[in-house]
1. In the structure displayed, which of K134/K154; K42/K168; K46/K154; K46/K134; K42/K140 lie more than 29 Å apart, Cα to Cα?
2. Just to verify a number: FRET efficiency for N61 and Q181, C-beta to C-beta distance, R0 = 35 Å, to 0.05?
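The numbers here are math on the coordinates, done by the rules we state, and not lab data. The model shown is predicted, which means the values in this text are computed figures rather than measured ones. Positions of Cβ are backbone-derived with ideal geometry, glycine not excepted, and every protein chain shown enters the neighbour counts.
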Amino acid sequence: MSEEQQFSQLMALAQDGDGEAYAKLLSQLLPILRRIVGARIKDHGKLEDIVQNVLLSVHRNRHTYDPDLPFMAWLTTIAHRRTMDSLRTLYRQQKNEVLVDEYPETFPSGGANNAEEEALAFMASDALGAAIEKLPQGQKTAVKLLKLKELSLKEASAVSGMSITALKVATHRAMINLRRQMKQGTK
């Protein structure tokens, strides 16, 4: 029996409630998942976090596996998607990092005081929150789930009941509306 067939058989048993088969499957998948994720992630700590997220996704979605289809294709799809989700989140975090010793050019030399910076940040977040609340319900839902809570499209679809396509369209339209509202608010 090939490894592919063995994994498929173990998953089918796990779907039927066999805890021992499921534990055996997960232990055999661990090194494979580390290799798949390790192809893109070199930091050991982040790699292990992503592998754990993949295992959670496998657990949550095990009912979707069809034993008549290749197991490794199903597994690698989940692994690649969780890896890409994590890379997107890391990119957003790095993109939003602020260097402490550099000040925005709009302030006089020496930079703004902390109270002024906090007031500006509060006003901007307050204005954005108000702008989000003015959006139509579908757009507001899409922004809150996809942008603020950073759910995947599939997760947001499950939570909201909206299709993935509807979420994409609503998010695109919401971003246009928010830019327009924020631009009008600064005039």
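1. Working: K134/K154 25 Å; K42/K168 31 Å; K46/K154 23 Å; K46/K134 38 Å; K42/K140 37 Å.
In this structure, K42/K168; K46/K134; K42/K140 lie more than 29 Å apart at Cα.
2. On the way: r = 37 Å, r/R0 = 1.07.
Using R0 = 35 Å, I get an efficiency of 0.40.
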